[in-house]
Amino acid sequence: MSESLGVVYLARHGETAWSLSGQHTGLTDLPLTERGERNARRLGERLKGLNLAKVFTSPLQRASRTCTLAGFGGEAQVDRDLLEWNYGQYEGQRTADIRIVRPDWQLFRDGCPGGESPDQVAARADRVVGRVRAVEGDVLLFSSGHFLRVLAARWLGMEPSAGRHFLLSTASLSALGYEHTRSQPVIQLWNDIHHVGP
């Protein structure tokens, strides 16, 4: 009997005011910009025709609205493990501003004071990986950039700090899967933004 080798599609939410300005947006529940809404609809066009067994979304409106505008709001299940990194005291700050006070700071190595450590984010990502690997068929996840980067690292069996290597644009589509067996996880597609417009 052959094992099912499903694909896990990762959809990053559309643009928000803070993603545009470069401010860390963890649990602050910002809406999409007008461009973010347009690109969420375009993401939906890109996803048309997929045969999905499950769809999950972060409860934050930037992800859940992207999910709805992409056409999956009616079937999506909310999963709190898909929340973005809790930036604690760094919420709303830009990396350049944080580095004025802490020049050697790296999110994927150091985490955030009053927020989550990389290991705490990885624990949530590991739970998501476990859930989606238990699904027979393809899965679609709507979440945020830094969390999805850690999720990709954990999918590959890498430390959460490896997420620093996987840049993600807003409204992007990525896909995780397997080469030959479930013991060979791979990235099949990363940061596809061909559908994104001005």
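Scanning the range 29-46 finds one or more residues that are at pLDDT 95 or above, under 19 Å from Gln188 (Cα atoms) and touching a strand residue (DSSP E or B) at 6+ places or on another chain (Cβ under 7 Å).
From Ser144, Ser161, which residue is under 13 Å from the mean Cα position of the chain (by Cα) and either at pLDDT 95 or above or more than 16 Å from Phe56 (Cα to Cα) (or both)?
Ser144
Output yes when any residue across the range 72-79 is over 18 Å from the mean Cα position of the chain (by Cα) and either assigned to a helix (DSSP H, G or I) or at pLDDT 95 or above (or both), and no when none is. Yes; the residues of the range 72-79 include at least one that is over 18 Å from the mean Cα position of the chain (by Cα) and either assigned to a helix (DSSP H, G or I) or at pLDDT 95 or above (or both). Residues that are on the phi > 0 side of the Ramachandran plot and open to solvent by 10 Å² or more (accessible area, probe 1.4 Å) are absent from the range 140-147. Ile98 meets each of the listed conditions (1) among the β-branched types (Val, Ile, Thr); (2) open to solvent by less than 70 Å² (accessible area, probe 1.4 Å); (3) under 30 Å from Leu5 (Cα atoms) apart from (3).
Within the range 179-196, residues that are open to solvent by less than 50 Å² (accessible area, probe 1.4 Å) reach partners that are of a type in the set (D, E, K, R) with beta carbons closer than 6 Å, at six or more positions or on different chains, in the pairs Val186/Glu179; His195/Arg42; His195/Arg46.
Taken over the range 53-69, the criterion of being open to solvent by 20 Å² or more (accessible area, probe 1.4 Å), in a loop (DSSP other than H, G, I, E, B) and touching a residue at least 60 places away in the same chain (Cβ under 8 Å) is satisfied by no residue. One residue stands out in the range 42-52 among those that are farther than 15 Å from Ser64 by Cβ and of a type outside the set (Gly, Ala, Ser): the one that is surrounded by the fewest Cβ atoms within 10 Å (Cβ to Cβ), namely Asn51. Counting the residues of the range 1-40 that are under 27 Å from Asp138 (Cα atoms), open to solvent by 30 Å² or more (accessible area, probe 1.4 Å), free of Cβ contacts under 8 Å to residues at least 40 places away in the same chain and not in a loop (DSSP other than H, G, I, E, B) gives 1. In summary, Val135 fulfils each of the numbered conditions (1) closer than 24 Å to Ala70 by Cβ; (2) modelled with pLDDT of 95 or more; (3) among the β-branched types (Val, Ile, Thr); (4) crowded, with 16+ Cβ neighbours inside 10 Å with the single exception of condition (4). Residues of the range 100-117 that are in contact (Cβ under 8 Å) with a residue 24 or more places away in the chain and among the basic types (Lys, Arg): Arg109 alone.
The values are calculated or read from the model by the stated rules, or taken from the named source; none is laboratory data. Only a predicted model underlies this, so the values are computations on that prediction, with no experimental measurement involved. Glycine also receives a Cβ, built like all others from the backbone with ideal geometry; neighbour counts cover every protein chain displayed. With ligands, DNA and RNA removed, areas are computed over all heavy atoms of the protein, side chains included. Shrake-Rupley method; radii C 1.70, N 1.55, O 1.52, S 1.80 Å.
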